[in-house]
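> Below is the structure I would like to discuss, written out as structure tokens.
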Amino acid sequence: MINYWWVTRPKRKLNSIPEILAVFSTVSLDVQWQGSISLHRMFEDGLEEAGLKRIGERRDARGSGGRTYYAWLASLGLVFTQESTNKSYLTLAGEAIMQGRSPVEVLKNQVLKYQFPSPFSISPQSSKTRVNERFKIRPFRFLLRLLSDERVQYLTNDEIGKIIIVEAENETEQCYEHIVKRLQMYRDFADGILDDDYFEKYAPSSGKVNPDHPFSHLTDTANTLVNWLDFTQLVYREEGGIVKLLDEKREEVKYILENRTAFIDRPEEQEYFQRKYGLDPWHQKDTRNLANTRTITSRMIDIQKIRQAFITYSIHKPVRAITSDVIDYVISVTGTDGRLVENTLIEAYPNGAISGFMTEYFEMAFKGTEEAIQFEEATTELFSEVFGFKAKHLGQTGSKSAPDVLLLSDDAGYQAIIDNKAYSRYSISGDHHNRMVHNYLNNISNYSEYQQPIGFFTYISGGFGNQIDRQIQSIAEESGIHGSGMSVSNMIKLVEKQNEKPLTHQMIREIFSVDRQILLSDLNLV
């Protein structure tokens, strides 16, 4: 039995969940999952063919890899096994992801509801995955509460692994205050506060502590927990692995913590629990009747393949509408009839599926130079595909005389300049100030053939330093051109607004011309 918080992690991040869920939906269409080794192997084959699992990873030929990935989906409340038939189905949350709903909104809802106990944590099938019954806690809500506490402010991997996941048993005030005090002590005395029998009490599931890295089973789990929390887009990691709340998400976190919901009861009843846990943000109850048997046709299988191919495509490219390019891609991947592909996509995804791509976009904004070019390219695609600008990516040249992205609006008659900064707290240094004023704004004719005036400049970043408003105002005053800074979180909100009700290029110009950081309240006005 595991004596600390534990989550299964065939992959350490949640980004691939939509694609894995799509593969599962294709191979498990209304068939018996429980005990079907052939189906488990088929799922494993499908994951390998889709590039979601390395070929050669298999420990045996009995589909254990497929079962591991299924357990991951089940632990997040996305699938369940119907007890009367042993057939597996998607929960409403799983269906929402397959319908093109925002993976972030769905999985944020699931992660924040994640609890001990659950059918996964009390599973009698293996003592190596069974979590001690002393834990009655929603771990991610608990972490958010700590991060929002002025006495704590941040968390490190060591603090989560060595203190929180072993000592935080429940959500009582007594337990919470105990953890706060233990964190304060740990920051003063480090490992000196740990008990002498620490490794006896909190040994890994194998029972063998790694002598070279004795805490690795705990810190690895902590890292996975933070990866899951990362996916909610409520937190970010600074250099050195320090985890903090995003400033613009503090009100949302406050709302989450103030609106307490009850624990899901009856964890020993898998189907009952999963159907309650698997409620998406748009439903209050799962009233589906799954008892009716269906005859599975080749057409139904083709439709599932089409959905799988589309989900994969939409994760990596912004799809605002079903176009001939999208249809041609899905046809080439699935080999299915073009008319069926077109009809299926238009019916299932009439408004495209931009949200999957925005999940990747958010991550790019915190990668530093690691994915700088990808961040710039993604920004170019967004302003082209979503907002309808002529957009050029200039950043790949590496030239300091040209910005990352150049926009042109024929409709509103202006050009605009975007500089991407993939950092959690970007500040405009003196060198960057001069580059924007003298290289980009004053000498736009050096890299742009357009004649229209400059409408605005903007920086898009993971987040900004405390002096960003003053720094933007300084550039605006010296250049005579309005500008702004846009956090990636608010950029995602702007994209969502564009999908709800398209903004004109003049409205977009006004949003980006506030001469300071753009706030969520600014977006609420449009």
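FYI, it's all coordinate maths here, none of it is from the lab. Everything numeric in this text was worked out from a predicted model, so none of it was measured. Every residue, glycine as well, gets a Cβ built from its backbone with ideal geometry; the counts of neighbours run over all protein chains shown.
> Just how far, in whole angstrom, is region 317-371 from region 159-219 if you go by their alpha carbon centroids?
43 Å
> Pairs K13/K421; K305/K390; K53/K87; K128/K276; K136/K367: which are spaced more than 28 Å apart, C-alpha to C-alpha?
As for pairs spanning more than 28 Å Cα to Cα, those are K305/K390; K136/K367.
> Using a cut-off of 17 Å between alpha-carbon atoms, which aspartates and glutamates can reach K244, once sequence neighbours fewer than 8 places away in the same chain are excluded?
D149, E150, D158, E159, D230, E252, E363
> Students often forget the sequence filter, so: which lysines lie under 16 Å Cα-Cα from K162 once same-chain residues fewer than 8 apart are removed?
Cross-link targets: K181, K201.
> Could you tell me which residue out of T380, A402, S448 lies farthest along the dipole of region 371-524 toward its positive end? Charges go on the beta carbon: Lys and Arg +1, Asp and Glu -1, centred on the Cα centre.
Projecting each Cα onto the dipole axis, the largest value belongs to A402.
> Kindly put I472, I303 in sequence by how many other C-beta atoms sit within 10 Å of each C-beta, fewest to most.
The most exposed by this proxy come first: I303, I472.
> Here's another thing I want to ask about it. Exposure proxy check: W72, W5 ranked by fewest other beta carbons within 10 Å?
Arranged by neighbour count, lowest to highest, W72, W5 become W72, W5.
> Find, among the trypsin sites (Lys or Arg not before Pro) in region 177-257, those assigned to loop by DSSP (not H, G, I, E, B) with at most 11 other beta-carbon atoms within 10 angstrom.
Qualifying residues, ordered by number: K208.
> Run the dipole for region 390-454 about the Cα centre, Lys and Arg Cβ at +1, Asp and Glu Cβ at -1, nothing else charged, and hand back the magnitude in debye, nearest 20.
Once rounded to the nearest 20, the dipole reads 240 debye.
> While we're here: Using only the Cα atoms of the chain, build the gyration tensor, take square roots of its eigenvalues as a ≥ b ≥ c, and label the shape rounded, prolate or oblate: rounded if a/c is under 1.5, else prolate if a/b is larger than b/c, else oblate.
oblate
> Here's something else I'd like to know. Arrange the following residues from fewest to most other Cβ atoms within 10 Å of their Cβ: R54, R275.
R54, R275
> How much length is gained if the chain between M507 and E268 is pulled fully straight, taking 0.36 nm per residue apart and subtracting their Cα-Cα distance, in nm to one decimal?
So the extension gain works out to 80.7 nm.
> Of N466, F512, N434, which is farthest on the positive side of the dipole of region 371-524, counting Cα position, with +1 on Lys and Arg Cβ, -1 on Asp and Glu Cβ, and the Cα centre as origin?
Checking the options against the dipole of region 371-524, the answer is N466.
> I would also like to ask the following. Would you mind checking which residues have amide H under 5 Å from Y426's amide H? H placed 1.01 Å from N; only 5 or more apart, or other chain.
G463, F464, G465
> Assuming a ≥ b ≥ c are the square roots of the Cα gyration tensor eigenvalues, decide whether region 222-278 counts as rounded (a/c under 1.5), prolate (otherwise, with a/b larger than b/c) or oblate.
oblate
> Something else about it: Count the net charge of all other residues whose Cβ sits under 14 Å from the Cβ of K390, scoring Lys and Arg as +1 and Asp and Glu as -1.
Charge balance in the 14 Å sphere: -4.
> Could you go through region 250-263 in sequence order and give the Karplus-derived ³J(HN,Hα) for each residue, using 6.51 cos²θ - 1.76 cosθ + 1.60 with θ = phi - 60°, rounded to whole Hz, and x for Gly and Pro?
So the Karplus estimates, Gly and Pro as x, are 4, 5, 5, 5, 4, 5, 4, 6, 6, 9, 6, 10, 6, 4 Hz.
> State the antiparallel share, in %, of DSSP beta bridges confined to the chain, rounding to the nearest 5.
50 percent
> Moving on to the next point. Could you give the dipole magnitude of region 298-356 about its Cα centre, charging the beta-carbon of Lys and Arg +1 and that of Asp and Glu -1, in debye to the nearest 20?
140 debye
> A follow-up question, please. Which FRET efficiency value, to the nearest 0.05, do you get for E173 and E500 by plugging their Cβ-Cβ distance into 1/(1 + (r/R0)^6) with R0 = 41 Å?
E(calc), rounded to 0.05, equals 0.50.
> Sort 339-345, 31-37 for me by packing, meaning the mean count of neighbouring Cβ atoms within 10 Å per residue, highest on top.
339-345, 31-37
> Specify whether the C-alpha gyration tensor of region 414-517 places it in the rounded, prolate or oblate class, a ≥ b ≥ c being the square roots of the eigenvalues: rounded for a/c under 1.5, otherwise prolate if a/b is larger than b/c and oblate if not.
Verdict is oblate for region 414-517.
> Along the charge dipole of the chain, which of W282, Q34, G161 sits closest to the positive end, that is, farthest toward it, with unit charges on the beta carbon of Lys, Arg, Asp and Glu (+1, +1, -1, -1)?
Checking the options against the dipole of the chain, the answer is Q34.
> Hey, got the dipole for the chain? About the Cα centre, +1 on K and R Cβ, -1 on D and E Cβ, debye to the nearest 20?
In total the dipole reaches around 1140 debye.
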